[in-house]
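Heads up: the structure comes next, in structure tokens.
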Amino acid sequence: MSELKLMKGNEALAEAAIRAGVDAYFGYPITPQSEVIEYLMTERPELRTGMVVLQAESEVAAINMVYGAASTGKKVMTSSSSPGISLKQEGISYMAGAELPAVIVNVVRGGPGLGTIQPSQADYFQSVKGGGHGDYKLYVLAPASVQEMSDFVTDAFDIAFKYRAPVLILSDGLIGQMMEKVVLKDQVERISDKDLIKMNGYWATTGKKDRERNIITSLDLQSEKMEARVHRLQKKYVKMELEDLRYETIDCEDADYLIVAYGSSARISQKAVELARKKGIKVGLLRPITLFPFPKKQLFDLANQVKGILSVELNAGQMVEDVKLAVEHKVPVEHFGRTGGIIHTPEEVLEALEQKIINHGHFRHHKTRESSIL
Amino acid sequence: MDILDIIKPENQVFCKTKLMTDTALSYCPGCGHGTAHNLTMEVIDEMGIVEDTIGVAPVGCSVLAYDFMNIDMTQAAHGRAPAVATGIIRTWPEKYVFTYQGDGDLAAIGTAETIHACNRGENIVIIFINNGIYGMTGGQMAPTTLEGMHTSTSPYGREIKNMGSPLKITELIANLPGVYYVTRQSVHTHKHVRKAKKAIRTAFENTRLKKGLSFVEIVSNCNSGWKMTPNEANIWMEENMFSYFPLGDIKVDGKLK
Ligand SMILES: Cc1ncc(C[n+]2csc(CCOP(=O)(O)OP(=O)(O)O)c2C)c(N)n1
Ligand code: SF4
Ligand SMILES: [Mg+2]
């Protein structure tokens with residue numbers, strides 16, 4: 001039965017994983033996402049659905065456990081926060097190369113280094129530009145509410161299996177830690193081993209029975225074969241752009257100015273849009289729901305309508321680069337963001353929009369990155 | 001007389017291991033990897049468990065083990081095979097899962113994954129090929145490289161003060177309660193091959209009985225890395241490796257010998 005509950009984002013994600021019929025979760029504690037594994041351990045999903053939950057010795061081990069289970073066609077996931085996600089990059093790259101379906105969750109905290117345990121969106125580059133080594137991309141979903149923390153688990157697995165590719169849910173410490181009401185989905189039964197072999201037996205390493213052997217590898221020592229593999233991956237990414245781009249527009253129809261923001265920044269920016277409209281300034285919000293694929297065409301089209309664009313992010317300016325690429329210099333694009341775990345207020349966002357975009361008008365000059373942060 | 005008159009089952013002393021593919025081995029002539037592959041495949045064939053066996057290949061000379069072993073296999077990142085195997089056995093507890101790893105893979109970069117998979121007593125088999133060197137990358141020092149041994153990264157010989165002692169990871173692992181069976185074998189003579197095969201069989205039987213982790217070390221030569229002929233390498237191995245890595249059972253039925 002679907003159910004209305006008040007939950008933390010991390011807990012909603014964990015509960016959603018059980019309900020989505022996930023076969024296994026492997027993780028390692030790190031703030032601000034430890035509630036995921038704590039919730040799973042407390043819920044005893046092995047009794048509820050037969051789901052396996054294991055605390056690994058490290059994020060490196062956890063992602064490789066995911067690699068192992070995923071190579072047998074199981075529905076498997078892991079979660080962590082920024083420093084732990086850095087450790088997982090080798091495994092993620094291997095999964096992209098070996099074409100394995102899996103879901104990875106990053107509840108981002110501020111960095112670099114040990115950084116801060118407070119919320120941040122500073123892992124945007126790492127998430128959408130590859131992250132690990134080699135020519136690959138991840139399909140990246142950015143939840144902006146506790147509801148989406150829950151819903152995106154199912155969506156992420158659908159994409160992971162559609163493309164046989166790892167999918168990243170890019171959350172942050174704010175969405176992970178805050179409590180909101182959430183409608184939880186009905187329990188989905190885990191796929192039986194027999195059905196799994198029927199569905200995935202053509203590629204998964206489930207034991208060689210009534211077929212030739214299956215091999216999971218990312219290695220091609222022959223250059224032509226390796227290039228063919230790279231091309232196969234790139235084709236998936238093109239298909240993702242054509243078929244599975246997701247975004248939301250708020251108040252864009254008559255907008256003179258545009259804010260682009262995802263995740264918690266989108267929530268705050270939505271309020272800034274309301275404040276602006278109260279003042280008589282027509283502002284709209286474009287919220288990318290997928291960060292790869294990125295709503296490039298939508299931004300390009302909106303740039304024909306608005307006079308300027310502000311990219312609002314909890315970082316020193318990352319997504320703004322992709323916004324600029326999409327807009328192709330048609331209108332001014334600026335960045336506004338706080339770092340270090342500080343969360344901008346809607347008033348600050350509006351003020352930044354007025355200062356950097358609206359009042360700058362025709363007297364713009366090229367600004368350094370530092371001045372764009374402050 | 002036609003050759004087919006001679007090749008009759010009753011006349012056959014040796015035949016090709018059924019579960020090995022026809023792909024020519026990429027190993028140097030005289031290398032122990034090929035024999036260790038054969039033995040593992042023979043055991044799986046004789047136990048009739050191929051339908052339920054999943055192997056995990058390492059990064060090392062045996063990275064292409066899946067080209068030769070005609071079973072379902074997953075190729076792991078360098079050192080991560082025990083974690084990959086954990087992911088498989090936890091989601092398929094009725095399967096036979098084994099890793100096949102070199103000394104660099106298992107005892108250097110993958111030390112944490114090895115120790116923790118062993119400590120959890122994962123119901124898997126680990127086959128550990130200890131040749132005291134990094135064969136694949138051209139003969140660099142391994143954690144198991146002997147004192148004084150010349151490699152491309154210890155060109156004046158391994159010096160303990162600087163580079164540490166050769167790691168007896170197998171003895172270390174034997175002390176973990178989750179580990180049920182630990183043995184050290186070699187595959188350089190017929191006698192040793194037969195013993196090693198028995199050990200591998202015992203390991204897979206333990207999986208069948210859900211006894212936990214079985215660990216079979218095979219001390220092997222790397223004639224290319226050691227810069228010797230195959231025969232010289234085997235003699236050097238007997239004279240030098242076996243005194244530091246003595247052959248025999250270390251833990252049987254969960255009890256230290
Ligand atoms: C992360 C990473 N680091 C380093 C390497 C390079 N590398 C490949 S195999 C290998 C050593 C393998 O030695 P061993 O495990 O002893 O296997 P052998 O070739 O001797 O059988 C190294 C260092 C790699 N592939 N990946
Ligand atoms: S380099 Fe050494 S380990 Fe590798 S195949 Fe040759 S002899 Fe065997
Ligand atoms: Mg070696």
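The values are calculated or read from the model by the stated rules, or taken from the named source; none is laboratory data. Please read all numbers here as calculations on a predicted model, not as lab measurements. We place every Cβ from the backbone using ideal geometry, glycine too, and count neighbours over all the protein chains shown.
Here are the numbers for the structure shown:
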read-out: Qualifying position, being out of contact with any Asp or Glu (no Cβ under 8 Å at 6 or more places or on another chain) and either within 14 Å of chain B (Cβ to nearest Cβ) or surrounded by fewer than 18 Cβ atoms within 10 Å (Cβ to Cβ) (or both), among A:Gly201, A:Gly207, A:Gly173; value: A:Gly201
read-out: Subset of region B:213-233 [surrounded by fewer than 20 Cβ atoms within 10 Å (Cβ to Cβ) and either aliphatic (A, V, I, L, M) or away from ligand 1 (no atom under 16 Å from the Cβ) (or both)]; value: B:Met228, B:Thr229, B:Asn231, B:Glu232
read-out: Residue in region A:156-168 that is crowded, with 24+ Cβ neighbours inside 10 Å, hydrophobic (A, V, I, L, M, F, W, C), touching an Asp or Glu at 6+ places or on another chain (Cβ under 9 Å) and part of a strand (DSSP E or B) present; value: yes
read-out: Test result for B:Val182, away from ligand 3 (no atom under 16 Å from the Cβ) and either within 14 Å of chain A (Cβ to nearest Cβ) or buried (at least 24 other Cβ atoms within 10 Å of the Cβ) (or both); value: yes
read-out: Scan of region A:19-39 for residues that are closer than 25 Å to A:Glu189 by Cβ, within 14 Å of chain B (Cβ to nearest Cβ) and in contact with a helix residue (DSSP H, G or I) (Cβ under 8 Å, 6 or more places away or on another chain), ordered by number; value: A:Val22, A:Asp23, A:Ala24, A:Tyr25, A:Phe26, A:Gly27
read-out: Options B:Gly48, B:Gly30, B:Gly34; residue that is touching a Leu at 6+ places or on another chain (Cβ under 6 Å) and surrounded by fewer than 24 Cβ atoms within 10 Å (Cβ to Cβ); value: B:Gly34
read-out: Segments classed as strands (runs of 3 or more DSSP E), wholly inside region A:1-83, with at least 2 members that are without any contact (Cβ under 8 Å) to a residue 60 or more places away in the chain, over 19 Å from the mean Cα position of the chain (by Cα) and surrounded by fewer than 24 Cβ atoms within 10 Å (Cβ to Cβ); value: A:52-55
read-out: Any hit, region B:126-144, residues being modelled with pLDDT of 95 or more, assigned to a loop (DSSP other than H, G, I, E, B) and either more than 16 Å from ligand 2 (Cβ to nearest atom) or charged (D, E, K, R) (or both); value: no
read-out: Test for A:Glu313: is it at pLDDT 95 or above and surrounded by 15 or more Cβ atoms within 10 Å (Cβ to Cβ); value: yes
read-out: The one condition in (1) away from ligand 3 (no atom under 16 Å from the Cβ); (2) of a type in the set (Phe, Trp, Tyr); (3) touching a Phe, Trp or Tyr at 6+ places or on another chain (Cβ under 7 Å) that B:Phe242 fails to fulfil; value: (3)
read-out: All positions within region A:154-177 that are closer than 24 Å to A:Glu313 by Cβ and among the hydrophobic types (A, V, I, L, M, F, W, C); value: A:Ala156, A:Ile159, A:Val167, A:Leu168, A:Ile169, A:Leu170, A:Leu174, A:Ile175
read-out: Region B:127-144 - residue that is crowded, with 21+ Cβ neighbours inside 10 Å and of a type in the set (Val, Ile, Thr) and, of those, farthest from ligand 3 (Cβ to nearest atom); value: B:Ile127
read-out: Wholly enclosed helices (runs of 4 or more DSSP H) of region B:1-89 bearing at least 1 residues out of contact with any Phe, Trp or Tyr (no Cβ under 8 Å at 6 or more places or on another chain), more than 9 Å from chain A (Cβ to nearest Cβ) and in contact (Cβ under 8 Å) with a residue 60 or more places away in the chain; value: B:32-47
read-out: Region B:145-165, residues that are in a loop (DSSP other than H, G, I, E, B) and either within 12 Å of ligand 3 (Cβ to nearest atom) or of a type in the set (Ser, Thr, Tyr) (or both); value: B:Thr145, B:Ser152, B:Thr153, B:Tyr156, B:Ser165
read-out: Given (1) within 15 Å of the chain's Cα centre (by Cα); (2) under 19 Å from B:Thr99 (Cα atoms); (3) assigned to a helix (DSSP H, G or I), number of the condition B:Thr207 does not satisfy; value: (1)
read-out: All positions within region A:214-256 that are assigned to a helix (DSSP H, G or I), loosely packed, with under 15 Cβ neighbours inside 10 Å and within 14 Å of chain B (Cβ to nearest Cβ); value: A:Lys225
read-out: Subset of region B:90-102 (residues that are facing chain A (nearest Cβ under 7 Å) and over 17 Å from A:Arg190 (Cα atoms)); value: B:Lys95
read-out: Number of the exception - A:His329 against (1) over 25 Å from A:Gln118 (Cβ atoms); (2) touching a helix residue (DSSP H, G or I) at 6+ places or on another chain (Cβ under 6 Å); (3) surrounded by fewer than 19 Cβ atoms within 10 Å (Cβ to Cβ); value: (2)
read-out: Flag for A:Leu114 being within 10 Å of chain B (Cβ to nearest Cβ), at pLDDT 95 or above, part of a loop (DSSP other than H, G, I, E, B) and over 22 Å from B:Cys118 (Cβ atoms); value: no
read-out: Residue match in region B:116-126 (condition: buried (at least 16 other Cβ atoms within 10 Å of the Cβ) and either charged (D, E, K, R) or within 12 Å of ligand 3 (Cβ to nearest atom) (or both)); value: yes
read-out: Answer residue from region B:91-115, given it is buried (at least 24 other Cβ atoms within 10 Å of the Cβ), in contact (Cβ under 8 Å) with a residue 24 or more places away in the chain and part of a helix (DSSP H, G or I) and is farthest from ligand 2 (Cβ to nearest atom) among those; value: B:Glu113
read-out: Options A:Asp158, A:Asp151; residue that is in contact (Cβ under 8 Å) with a residue 40 or more places away in the chain and of a type outside the set (A, V, I, L, M, F, W, C); value: A:Asp151
read-out: Contacts under 8 angstrom Cβ, first residue in region B:228-257 being free of Cβ contacts under 8 Å to residues at least 24 places away in the same chain, partner among the basic types (Lys, Arg), 6 or more apart; value: B:Lys257/B:Lys251
read-out: Residue in region B:203-223 that is within 16 Å of ligand 2 (Cβ to nearest atom) and either within 14 Å of chain A (Cβ to nearest Cβ) or over 25 Å from B:Val43 (Cβ atoms) (or both) present; value: yes
